[in-house]
Amino acid sequence: MRVYKVAEHKFGVEIESPLSFMNYTEAVAQRIENASRGVVMDAFPIRACDEVPSRSYVRSRQELPEGYRTMLDFSQYEPFFFGEGPSDDLAFTLTVKSSLTEQKEREIMEGSEVVLKVNDALPWYYIRTKDGNTSYEFFPMPDKSVGVLLLDETCTKGEFYPRPGVSSFSIMGMINTALMILYTYTTTSKDTLLLHASVIDYEGKANLFFGTSGTGKSTHARLWLENIPGCRLVNDDNPVVRRIDGEFYVFGTPWSGKTPCYRNVRVPVGALVRLEQAPENAIRRISGLEAYANILASSSCIRWRKRDMDALVAMCEKVAMLLPNYHLRCLPDADAAKTSFNGTR
């Protein structure tokens with residue numbers, strides 16, 4: 001078992017043969033080493049008009065090792081590597097099984113109850129419950145299931161069963177989703193939020209930019225990098241905000257959307273900025289219910305479970321009340337970055 005630590009929460013991953021963890025070539029290993037030390041990476045937020053690069057630290061086929069077809073590329077997780085072997089203080093564990101057999105599928109599916117179908121964005125997934133256990137069936141394309149995640153009653157132990165014939169690349173994509181699901185199940189109650197946001201570090205303080213899908217979070221973060229000297233990208237899609245000893249920090253994570261930025265860093269939170277496309281650039285301070293609603297809408301959580309939703313609400317209230325929150329109406333131009341920079345000082 002390999003153990004990783006994200007925002008001080010540790011989790012374990014083990015893989016059954018014939019699948020295995022990838023062996024990394026020298027170029028990939030160097031990127032992992034740099035990211036683990038928090039080194040600023042050569043990655044810019046990916047805008048809608050950009051060509052999408054590799055989402056891991058493997059940048060080309062030439063950097064793949066021999067026998068890679070049965071290997072799972074965990075390079076984006078390696079900057080968060082903690083150690084090997086079992087541990088009694090893990091938030092959760094995930095075991096990647098060799099394949100989903102017909103017998104196992106019948107065991108999971110027969111008599112189960114569908115509690116939720118998420119099909120408004122890919123990957124789709126169907127959530128079922130049976131005998132206290134919860135399963136997620138993943139569809140990276142409509143009507144094309146690639147595997148099932150099975151959780152125990154505590155939701156601290158997961159098993160992912162890929163369907164036979166699915167490529168290691170597709171399996172890894174669903175493992176990313178499975179690990180994010182397990183992370184939210186087990187950490188939301190510990191003053192922890194997994195947010196859909198882009199994060200910029202300026203002089204040791206982090207600004208988080210969020211809003212509805214397509215608003216331009218990555219574009220705005222890139223405008224800061226291009227127009228505000230001294231900025232650094234922390235994460236471009238799924239950072240973690242956690243309160244520790246009364247202080248709020250944002251952490252880099254293995255999940256950064258289309259942008260391969262997986263830096264193992266912790267930065268105090270400076271401000272949270274909700275973006276809205278507009279014909280002019282203007283920023284204002286917000287608070288109370290408006291700030292709370294903005295944060296809640298951008299938070300990842302298992303919302304159909306009361307315990308987790310109660311914990312999410314409590315944490316969002318703290319973020320809304322105790323941190324500076326802003327609303328930025330903006331254009332996709334340099335002045336927008338300068339407006340938000342000046343307005344959050």
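The values are calculated or read from the model by the stated rules, or taken from the named source; none is laboratory data. Since the structure is predicted, the reported quantities are computational estimates derived from the model, not experimental observations. Every residue, glycine among them, receives a Cβ derived from its backbone with ideal geometry; neighbour counts consider all protein chains shown.
Some points to look at:
- Residue within the stretch 71-78 that is part of a helix (DSSP H, G or I) and surrounded by 19 or more Cβ atoms within 10 Å (Cβ to Cβ) present: yes
- Within the stretch 88-95, at least one residue is surrounded by fewer than 20 Cβ atoms within 10 Å (Cβ to Cβ) and modelled with pLDDT under 95.
- Among residues of the stretch 297-320, those that are out of contact with any Phe, Trp or Tyr (no Cβ under 6 Å at 6 or more places or on another chain) and within 30 Å of ASN227 (Cα to Cα), counted: 3
- Entirely in the stretch 124-233, the strands (runs of 3 or more DSSP E) that have 3 or more residues that are farther than 25 Å from ARG69 by Cβ: 124-130, 133-139, 192-195, 198-202, 205-210
- Every residue from the stretch 42-70 that is at pLDDT 90 or above, surrounded by 15 or more Cβ atoms within 10 Å (Cβ to Cβ) and of a type outside the set (D, E, K, R): PRO45, SER56, TYR57, VAL58, LEU64, TYR68
- When THR93 is tested against (1) in a loop (DSSP other than H, G, I, E, B); (2) more than 22 Å from ILE200 (Cα to Cα), just one condition goes unmet, and that condition is (1).
- Consider the stretch 16-31 and keep the residues that are crowded, with 21+ Cβ neighbours inside 10 Å and hydrophobic (A, V, I, L, M, F, W, C). The one that is nearest to TYR249 (Cα to Cα) is VAL28.
- Of everything listed in (1) closer than 27 Å to LEU331 by Cα; (2) of a type in the set (Ser, Thr, Tyr); (3) assigned to a strand (DSSP E or B), the single unmet condition for THR259 is (3).
- So ALA27, is it in a helix (DSSP H, G or I), at pLDDT 90 or above and closer than 17 Å to ASP236 by Cα: no
- With respect to the stated conditions, ARG329 fails to be over 27 Å from TYR185 (Cα atoms), out of contact with any helix residue (DSSP H, G or I) (no Cβ under 7 Å at 6 or more places or on another chain) and assigned to a loop (DSSP other than H, G, I, E, B).
- Restricting the stretch 169-201 to residues that are farther than 27 Å from SER145 by Cα, under 14 Å from the mean Cα position of the chain (by Cα) and among the aliphatic types (A, V, I, L, M), the residue that is surrounded by the most Cβ atoms within 10 Å (Cβ to Cβ): VAL199
- Only one entry of TYR161, TYR185, TYR202 meets the criterion of being touching a residue at least 24 places away in the same chain (Cβ under 8 Å), within 30 Å of ILE15 (Cβ to Cβ) and touching a strand residue (DSSP E or B) at 6+ places or on another chain (Cβ under 6 Å), and that entry is TYR161.
- Residue count for the stretch 110-158, restricted to those that are touching a residue at least 60 places away in the same chain (Cβ under 8 Å) and touching a Phe, Trp or Tyr at 6+ places or on another chain (Cβ under 8 Å): 7
- Residues of the stretch 68-109 that are within 12 Å of ARG2 (Cα to Cα) and among the charged types (D, E, K, R): GLU78, GLU84.
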